[in-house]
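Asks: This structure is in structure tokens; I'll ask about it shortly.
Read the figures in this text as sums done on the coordinates, not as results from a lab. This one's a predicted model, so the numbers in the text were calculated from it and none came from an experiment. Glycine gets a Cβ as well: all are built from the backbone with ideal geometry, and neighbour counts include every protein chain shown.
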Amino acid sequence: MVAKPKLPYRFAADAERKAESLRQELGLEPHEPLCAFRLCEHLNIKVVVAEQVEGLSPDSLLVLDHPSGKGWSAVTIPFHSAEQSSHLIIHNRAHSSARQQSNVMHEVAHILRRHELSAIDTGNGLPDYMRLYPEEQEMEADCLGWTLLLPRPALLMALGKGWDRGAIMQHYNVSAEMVRLRLNRTGVLRQLSYRR
Ligand SMILES: [Zn+2]
């Protein structure tokens, strides 16, 4: 039996620290919302929607299609020039604003973790970069992406103020699913009930 991949030791705690240090670089308090697009600008990551990419044919977009049926989310393409190596994130603007935040943040997390992509030539001009990350790296990108959007101090602040989930969703531009996930994973509800 193959063991299910696990996050590296202390990964969640490191993600929290990253969420805080990136906010600090942007002059934000640890509990303040962090916009994925603003973070990309700060990190010098170019973000575009598929329609902006020249030569991206409807066929290429099919390559980006996601089996979930909800349509593809976002894809990262590394590029290297003489001066720098950087990344381009192509994202799907058909999704809700909250979903776009989480899609882009997931890609940022891959980049921050220096996950390497190996491209396969699909024969239609666009290399198929999708789903070539190993499952461990997908877990890392999920955990770090979610944490960047909704770190512990944000949840503690919101709960401390008595905000309901709707208010958290609105303030941090995140989905209901994201709020549920983060409340469960961080154990903040338990932490607060001990304190009371
Ligand atoms: Zn991923």
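Asks: Packing-wise, with mean Cβ within 10 Å as the measure, how do 46-52, 144-150, 30-36 rank, highest first?
Replies: 144-150, 30-36, 46-52
Asks: Quick one: Ser96, Ser73, fewest Cβ neighbours within 10 Å first, how do they rank?
Replies: Ser96, Ser73
Asks: Please give the FRET efficiency for Val48 paired with Glu138, using the beta carbon to beta carbon distance and R0 = 25 Å, rounded to the nearest 0.05.
Replies: 0.65
Asks: Could you tell me which of rounded, prolate or oblate describes segment 135-196, using a ≥ b ≥ c as the square roots of the eigenvalues of the alpha-carbon gyration tensor, with rounded for a/c under 1.5 and, failing that, prolate when a/b is larger than b/c and oblate otherwise?
Replies: Judged from the Cα gyration tensor, segment 135-196 comes out oblate (a/c at least 1.5, b/c at or above a/b).
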